[in-house]
Amino acid sequence: MTLEKPVRRRLDFKNGRVDLSHGAGGRAMGQLIEDVFVAAFDNDWLRAGNDPSAFDVAAGRMVMTTDAYVVSPIFFPGGDIGSLAVNGTINDIAMAGARPLYLSASFVIEEGFPLADLRRIAASMGEAARGAGAPIIAGDTKVVERGKADKVFISTAGVGVAPPGLNLSSDAARPGDVVILSGTIGDHGVAVMSKRENLEFETEIRSDSAALHGLVAQMVATAGLSLRGMRDPTRGGLAATLNELAHQSRVGFSIQEAAIPVRAEVAAACEFLGLDPLNVANEGKLVAIVAPQGAQALLAAMRAHPLGAEAAIIGSAVEDDNRFVEMRTAFGGGRIVDWLAGEQLPRIC
Amino acid sequence: MKYVDEYRDGSLAKGVAKEIARQARAERVYRFMEFCGGHTHAISRYGLEDLLPVNVQMIHGPGCPVCVLPMARVDMAIACAMNPRVTLCAYGDLMRVPGSHASSLLKAKAEGADIRMVYSTLDVIRIAEAEPNREVVFFAIGFETTTPPTALAIRTAEKKGLENFTILCNHVMTPPAMRAILDGASDGDEAPVRIEGFVGPAHVSTVIGTRPYEPFARDCAKPVVIAGFEPLDVAQAILMLVRQINEGRAEVENQYVRAVTRDGNAKAQAAIAEIFEMRESFEWRGLGWLPSSALKLRPAFSGYDAEQRFGLKTKPAKDNPACECGAILRGAKKPRECKLFGTLCTPDTPMGSCMVSPEGACAAHWTYGRFRETEAQRVKEVA
């Protein structure tokens with residue numbers, strides 16, 4: 001004899017909030033996973049309900065990466081913490097020249113977080129993952145007491161596969177190599193700051209958060225082995241990325257300020273916030289190091305892709321034991337572009 | 001960006017640079033001090049030095065509010081913040097200024113002190129209103145530019161009847177510091193620095209006007225050119241100083257006419273005068289104790305004085321003996337001449353205040369200019 005099934009109340013996505021039971025391993029947690037995450041990420045692996053998900057290994061070099069996202073505010077012009085987490089992990093995979101295959105996502109949720117917001121974030125993650133052809137096939141959910149986390153933190157990991165023989169690395173820049181930037185800098189950081197408490201200002205600037213694997217595929221196809229390395233200039237901005245490349249590759253860089261694309265609105269916002277766009281975070285841009293003979297073809301290929309339409313050659317690698325990133329300013333003088341000391345603004349991604 | 005890009009225009013800069021080179025007489029060296037950290041920052045960030053002939057040299061001055069704050073006052077702020085009832089609000093630049101024993105507000109915050117970074121004094125008022133059970137203290141620092149906003153905060157607090165709001169007042173004044181540098185004020189015993197003219201403050205002068213520099217220029221026989229903070233402003237001011245020197249003039253000239261008048265901002269001056277009065281003497285990092293160089297709250301507003309409310313006392317504090325911030329603030333030494341520069345002292349782990357604020361001479365040189373050191377050697381040889 002089968003007992004009558006208890007009535008399963010639907011999650012209240014209008015006024016409901018995450019409570020501690022949603023992380024307790026019981027039926028409430030099962031329902032949250034089912035109705036929020038499985039519904040949004042929508043794939044057979046998750047529907048199977050296993051903790052681990054199995055998949056066949058593709059031929060080529062596997063790459064793996066992991067990230068944590070704590071951005072505040074969680075919704076900002078041009079994106080939210082969910083799409084940011086997915087795109088960020090895809091971009092880390094793409095910087096190895098790889099195609100993203102599978103992702104995982106873990107959530108640390110603060111007690112009291114609105115279910116509607118959680119669903120909105122999950123939907124945005126599902127959409128971003130589907131767009132990239134990289135399903136989220138594993139995950140975890142934890143709920144902590146109010147005040148022990150701020151709304152929601154997301155940790156993502158991903159695996160991808162790079163074409164055989166391609167070995168992009170940040171230590172591969174050689175003097176004479178050309179530096180190409182895929183587009184305008186500072187959009188993400190300024191978009192997030194514009195919504196920050198105490199800092200709010202009116203602007204049309206949207207985060208550039210985007211998955212770059214498509215652009216990268218086109219770049220790899222065009223430049224092949226003349227492409228030495230790529231990096232996405234996230235926290236610390238273009239300045240940090242160039243300094244990291246310089247130190248890892250044991251070279252210096254010589255760049256031209258006038259060649260670096262910056263939106264007028266971003267420049268204006270940085271001006272009154274006292275920031276340098278070179279230090280401001282990006283979430284949909286990349287810096288490519290390419291051997292000189294491949295530079296023009298690569299630039300053309302990047303400009304042919306919507307996410308690289310404003311790509312520009314900004315300088316070149318030079319011999320320099322000091323590993324300085326030197327910039328000719330638009331004003332006509334020279335200066336160093338250094339890492340930012342301390343923290344510009346916490347929780348930008 | 002309209003009204004900004006024009007002042008950073010490379011082709012205009014070339015024109016001014018050419019004119020400076022034409023007018024500067026080859027047989028002499030022109031040594032000018034840019035008083036303000038804002039100018040130091042602009043010179044370094046835009047690479048202005050590269051546009052100057054080798055015999056026109058800039059000496060960085062002490063006009064960086066964070067840099068001139070003596071260690072004893074930082075210690076006082078930390079002691080105040082460690083009071084569990086206190087919420088200390090400070091501008092972001094102050095967080096990493098070293099106090100005694102490698103302490104800082106940032107470290108005190110990590111140890112549990114309630115210290116918050118603010119962007120304006122109005123943020124502080126908001127915090128005091130929202131949290132009536134906290135003693136909200138504003139760590140007020142700066143020259144005449146930041147004094148009016150502090151005065152406004154006191155007025156606002158009075159109007160709103162806020163009893164949990166006080167300030168730790170460290171407001172200082174520009175003209176006495178300029179004079180002290182020429183008089184050879186020092187915490188060491190070196191001779192006064194040879195300076196032939198000053199690039200005068202931009203923002204400070206929007207408040208006080210150009211008139212307060214007139215007795216200084218006359219008495220000390222040194223030209224002063226008030227200049228904006230954009231690189232072209234500074235370049236033009238340098239050209240004006242070269243002309244004055246060549247013509248044997250020592251006048252106050254105003255390059256920054258788009259913002260500065262002779263009499264300044266009367267409202268801001270009135271707000272300062274209403275709330276503050278002169279301190280007898282105040283300690284400056286690098287310049288020592290200078291009479292009539294800083295402000296304190298008038299007796300009528302002493303209720304807003306954190307020093308009184310919390311019985312804060314100055315304890316003598318000593319900088320690291322190897323730290324040359326003092327000599328650097330007086331223009332007597334260049335950052336590279338400090339043994340700690342770039343080794344133990346960097347913007348990531350500052351030991352001296354000049355390495356903390358982006359307006360500090362050491363931080364500006366480290367962040368933007370240190371590639372130029374081989375060139376600096378060349379300039380020294382010419383001099």
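The values are calculated or read from the model by the stated rules, or taken from the named source; none is laboratory data. The structure presented is a predicted model; accordingly, all values stated were derived computationally and were not measured. Neighbour counts run over all protein chains shown; Cβ positions are idealised from the backbone, glycine included.
What single numbered condition from (1) free of Cβ contacts under 8 Å to residues at least 60 places away in the same chain; (2) surrounded by fewer than 16 Cβ atoms within 10 Å (Cβ to Cβ) fails to hold for A:A24?
The single condition A:A24 does not satisfy is (1).
What number of residues within the range A:185-209 satisfy the criterion of being more than 14 Å from chain B (Cβ to nearest Cβ) and either touching a Lys or Arg at 6+ places or on another chain (Cβ under 7 Å) or surrounded by 24 or more Cβ atoms within 10 Å (Cβ to Cβ) (or both)?
Residues meeting the conditions: 9.
Across the range B:45-55, which residue is nearest to B:V356 (Cα to Cα) among those that are within 11 Å of chain A (Cβ to nearest Cβ) and out of contact with any Ser or Thr (no Cβ under 7 Å at 6 or more places or on another chain)?
Ranking the qualifying residues of the range B:45-55, first place goes to B:R45.
Limited to the range A:220-237, what total is found for residues that are closer than 21 Å to A:T65 by Cα and part of a helix (DSSP H, G or I)?
Going through the range A:220-237 one residue at a time, the tally reaches 2.
Go through the range A:324-349 and give me each residue that's at pLDDT below 95 and more than 7 Å from chain B (Cβ to nearest Cβ).
Hits for the range A:324-349 are A:W339, A:L340, A:E343, A:Q344, A:L345, A:P346, A:R347, A:I348, A:C349.
Could you please find all residues in the range A:248-261 being of a type outside the set (S, T, Y), within 12 Å of chain B (Cβ to nearest Cβ) and surrounded by fewer than 20 Cβ atoms within 10 Å (Cβ to Cβ)?
A:Q256, A:A258
Consider A:G88 carefully, then state whether it is in contact with a His (Cβ under 8 Å, 6 or more places away or on another chain), within 23 Å of A:V192 (Cβ to Cβ) and in contact (Cβ under 8 Å) with a residue 40 or more places away in the chain.
Answer is no for this residue.
Of all residues being of a type in the set (D, E) and buried (at least 16 other Cβ atoms within 10 Å of the Cβ) in the range B:84-125, which is farthest from the other protein chains (Cβ to nearest Cβ)? Just the residue, please.
The selected residue is B:D114.
So the check is Cβ under 6 Å with 6+ separation or different chains; which pairs have a first residue in the range B:276-290 that's charged (D, E, K, R) and a second one that's assigned to a strand (DSSP E or B)?
B:R279/B:A294; B:R279/B:K296; B:E283/B:W289
So A:V57 fits all but one of (1) in a loop (DSSP other than H, G, I, E, B); (2) in contact (Cβ under 8 Å) with a residue 40 or more places away in the chain; what number is the exception?
(2)
Restricting the first residue to the range A:262-289 and requiring it to be more than 21 Å from A:G229 (Cα to Cα), which pairs with a second residue that is of a type in the set (D, E, K, R) and modelled with pLDDT under 95 meet a Cβ separation below 7 Å and a spacing of at least six or different chains?
Listed by first residue and then by second, the contacts come to A:E265/A:E204; A:C270/A:D276.
For the structure I just gave you, tell me whether A:A172 is modelled with pLDDT of 95 or more, in the same structural domain as A:A312 (by TED's automatic domain parsing), surrounded by 15 or more Cβ atoms within 10 Å (Cβ to Cβ) and of a type in the set (A, V, I, L, M).
For A:A172, the condition - modelled with pLDDT of 95 or more, in the same structural domain as A:A312 (by TED's automatic domain parsing), surrounded by 15 or more Cβ atoms within 10 Å (Cβ to Cβ) and of a type in the set (A, V, I, L, M) - is not met.
For B:T145, work out the one condition from (1) under 19 Å from the mean Cα position of the chain (by Cα); (2) of a type outside the set (A, V, I, L, M, F, W, C); (3) under 22 Å from B:P316 (Cα atoms) it doesn't fulfil.
(3)
Cβ-Cβ under 7 Å, sequence separation 6+ or interchain: first residue in the range A:219-233 and within 15 Å of A:A162 (Cα to Cα), partner hydroxyl-bearing (S, T, Y). Which pairs?
Listed pairs, sorted by first residue: A:G229/A:S169; A:G229/A:S170.
Would you call A:A317 buried (at least 17 other Cβ atoms within 10 Å of the Cβ) and in the same structural domain as A:R206 (by TED's automatic domain parsing)?
yes
Go through A:A129, A:A149, A:A157, A:A122 for me and flag whichever is buried (at least 21 other Cβ atoms within 10 Å of the Cβ) and touching a strand residue (DSSP E or B) at 6+ places or on another chain (Cβ under 6 Å).
A:A129
If we keep just the residues of the range B:290-311 that are within 20 Å of the chain's Cα centre (by Cα) and exposed (fewer than 15 other Cβ atoms within 10 Å of the Cβ), which is farthest from B:D183 (Cα to Cα)?
So, considering only residues that are within 20 Å of the chain's Cα centre (by Cα) and exposed (fewer than 15 other Cβ atoms within 10 Å of the Cβ), the one farthest from B:D183 (Cα to Cα) is B:S292.
Out of the residues in the range B:27-44 meeting the condition of being among the hydroxyl-bearing types (S, T, Y) and buried (at least 24 other Cβ atoms within 10 Å of the Cβ), tell me which one is nearest to the other protein chains (Cβ to nearest Cβ).
The extreme case among them is B:S44.
Name the one entry in B:A250, B:A217, B:A237, B:A273 that is exposed (fewer than 14 other Cβ atoms within 10 Å of the Cβ) and either assigned to a loop (DSSP other than H, G, I, E, B) or without any contact (Cβ under 8 Å) to a residue 60 or more places away in the chain (or both).
Matching residue, one of B:A250, B:A217, B:A237, B:A273: B:A273.
Looking at the range B:57-131, what helices (runs of 4 or more DSSP H) fall wholly within it and have at least 3 residues that are within 22 Å of B:S293 (Cβ to Cβ)?
By residue number, B:65-68, B:71-81.
Given the residues A:L245, A:L307, which is the only one that is of a type in the set (A, V, I, L, M), more than 11 Å from chain B (Cβ to nearest Cβ) and touching a Ser or Thr at 6+ places or on another chain (Cβ under 6 Å)?
Sole residue among the options that is of a type in the set (A, V, I, L, M), more than 11 Å from chain B (Cβ to nearest Cβ) and touching a Ser or Thr at 6+ places or on another chain (Cβ under 6 Å): A:L245.
Please note which helices (runs of 4 or more DSSP H) are completely contained in the range B:283-383 and include at least 1 residues that are within 14 Å of chain A (Cβ to nearest Cβ).
It comes to B:361-364, B:373-382.
Can you name the number of the only condition in (1) of a type in the set (V, I, T); (2) in a helix (DSSP H, G or I); (3) surrounded by 20 or more Cβ atoms within 10 Å (Cβ to Cβ) that B:T156 fails?
Every listed condition holds for B:T156 apart from (3).
For the range A:34-54, how many residues meet the condition of being surrounded by 14 or more Cβ atoms within 10 Å (Cβ to Cβ), of a type in the set (D, E, K, R) and either part of a helix (DSSP H, G or I) or without any contact (Cβ under 8 Å) to a residue 40 or more places away in the chain (or both)?
Number satisfying all stated conditions: 2.
B:C67 versus (1) within 22 Å of B:P201 (Cβ to Cβ); (2) surrounded by fewer than 23 Cβ atoms within 10 Å (Cβ to Cβ): which is the lone unmet condition?
(2)
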